[in-house]
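The values are calculated or read from the model by the stated rules, or taken from the named source; none is laboratory data. Model, not experiment: these values are computed from the prediction. Here the Cβ positions follow ideal geometry from the backbone for every residue, glycine too, while neighbour counts run over all protein chains shown. Areas reflect the complete protein model, heavy atoms only, side chains present, ligands, DNA and RNA absent. Shrake-Rupley method; radii C 1.70, N 1.55, O 1.52, S 1.80 Å.
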Amino acid sequence: MRRWVFWAAGFVALLVCVVIWRLNEHDLARHPSETLFVTVSGARIAGTIWLPDEAPTAVVALVHGDGAQDRTSSGGYAPLINAFLDRGFAIASWDKPGVGQSEGNWLRQTMPDRTAETRAVLAVLKERFEDTTVGALGFSQAGWVLPGLTRANADFLVTVGAAVSWQDQGDYYTAVRLTREGYDAEAIKAALAAQEIEDDRLFGPNATPEDMPQDGPDRMSRDRWQFIHLNRGADSREALSTLDIPLLALWGAEDLNVDPIRNPEIFRKTLGSRPDHTRIPARIVVVPNATHGLLKAPEYNWQLTREWSRVAVARFLLEGRNAYAPDALNTMFEWIEGMVFLGER
């Protein structure tokens, strides 16, 4: 009996140690950090620069997707940031305007406004980390932000789950949702046609916030209406056609938010049509069995993180960086290290 109790106690102690070790993935305090401040259009933007233990080999600015995100995306970025820091990269991220310690209102921003904000942060990083490779890693909506930058702003770019057309992305998102709800192809086609007409009425050039439903599931704030009204015409083709920064563009093969077949093909065609495309590296990667954010699809594939099951949340806490699809992070690491080597030649 005593032997059984001994072994049981040992197992529990080991389990506790493993859990504590895994939760360390979410602890950003174990690395040194600096505050980051930049003023854009009169608003003070606040963020953090996390530093690796040694001098950084490169600096990466994280650029958010949609939503009211703070510098760590409510802690969701922590495993990713720690993985980059352990690889020897410094990481910078900031609160969106009106979120956390940043002034302003992110819902009043156009995509060019977001590009200007990113450009200002990158300028601070280039000054702080002189003679170090500096670039940006952007998620989802950042696919309309980063292509507006130039080689004067960044040495490399990485996009994850980028859509080319705002309107096409909305159609794909709706089609996937309806498919998962059991609608057939004809019903989905009719729903998308009706949605296009309704979107033109609600968000078109002559629309006003008063056109939105005042109650019910489709109601939204005036600020959210304004954001969609300003940005629903976003399309990255023109910016990609003149992009002069090396780009790694990644999609998860099981992306439920952005079409992982059509968008990589448009990126490939548009980037390949640039007159000087052979001199500016570009790599297109579709990661197998990966979600919109490159997590493992079988365990984490929902359109919105707030839809995650409790099991998925618990699993992410325990898995940390291992929640990402195999080789997703290494693909980013190796690309950035290649850009460092390229800059040193």
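In sequence order, what are the phi-derived ³J(HN,Hα) couplings for segment 149-160 according to the Karplus relation 6.51 cos²θ - 1.76 cosθ + 1.60 with θ = phi - 60°, rounded to whole Hz, with x for glycine and proline?
Result, rounded to whole Hz: 7, 10, 4, 5, 8, 8, 8, 7, 10, 10, 10, 10.
Put +1 on the Cβ of every Lys and Arg and -1 on every Asp and Glu Cβ in segment 66-218; which of A123, S73, S93 then has its Cα farthest towards the positive end of the dipole?
Result: A123.
Considering every pair of different Cα atoms, what Kirkwood radius, in Å, is found for the chain?
About 21.6 Å, per the Kirkwood formula over Cα pairs.
Relative to the compact-globule scaling 2.2 N^0.38 Å, provide the ratio for the alpha-carbon radius of gyration of segment 122-168.
Relative to the rule-of-thumb radius for its length, segment 122-168 sits at 1.28.
With Cβ to Cβ distances under 13 Å as the rule, what net charge do the other residues near I245 carry (K, R +1; D, E -1)?
Around I245, the surrounding residues sum to +2.
If the elastic network links every pair of Cα atoms under 10 Å, which of P79, P260, P288 fluctuates the most in the Gaussian network model of the chain?
P288
Charges only on Cβ, +1 for Lys and Arg, -1 for Asp and Glu: so what's the dipole of segment 104-233 about the Cα centre, in debye to the nearest 20?
400 debye
Tell me, what is the percent relative contact order of the chain, built from C-alpha pairs under 8 Å that lie six or more residues apart?
Taking the mean separation of contacting Cα pairs over the length of the chain, I get 17 percent.
Do me a favour and compute the ellipsoid semi-axes for segment 119-245 from its Cα gyration tensor, root of five times each eigenvalue, largest one first, whole Å.
35, 18, 13
From the backbone phi of segment 29-46, what are the Karplus-calculated ³J(HN,Hα) couplings (6.51 cos²θ - 1.76 cosθ + 1.60, θ = phi - 60°) in whole Hz, Gly and Pro given as x?
With the stated coefficients, segment 29-46 comes to 6, 6, 10, x, 8, 10, 7, 10, 10, 8, 9, 10, 6, x, 9, 8, 9, 10 Hz.
Put a dot 7 Å past each Cα toward the Cβ at D27 and V311; how far apart are the dots in nm?
3.0 nm
Gap in Å between the Cα centre of segment 134-153 and the Cα centre of segment 72-109?
Cα centres, segment 72-109 to segment 134-153: 15 Å.
Where is the GNM fluctuation largest for the chain (alpha-carbon springs, 10 angstrom cutoff): W251, W106, W94?
Comparing W251, W106, W94 in the GNM, the peak value goes to W106.
Using a 1.4 angstrom probe on heavy atoms only, work out the carbon and sulfur share of the accessible area of the chain in %.
54 percent
Where is the GNM fluctuation largest for the chain (alpha-carbon springs, 10 angstrom cutoff): S221, S241, S73?
Largest GNM mean-square fluctuation: S221.
Largest first, how would K269, K126, K296 line up by accessible area (1.4 Å probe)?
K269, K126, K296
Restricting to bridges with both residues inside segment 27-113, how much of the DSSP beta-bridge set is antiparallel, in percent to the nearest 5?
Restricted to segment 27-113, the bridges split so that about 75 percent are antiparallel.
Restricting to segment 154-300, what percent of DSSP beta bridges are antiparallel, rounded to 5?
15 percent
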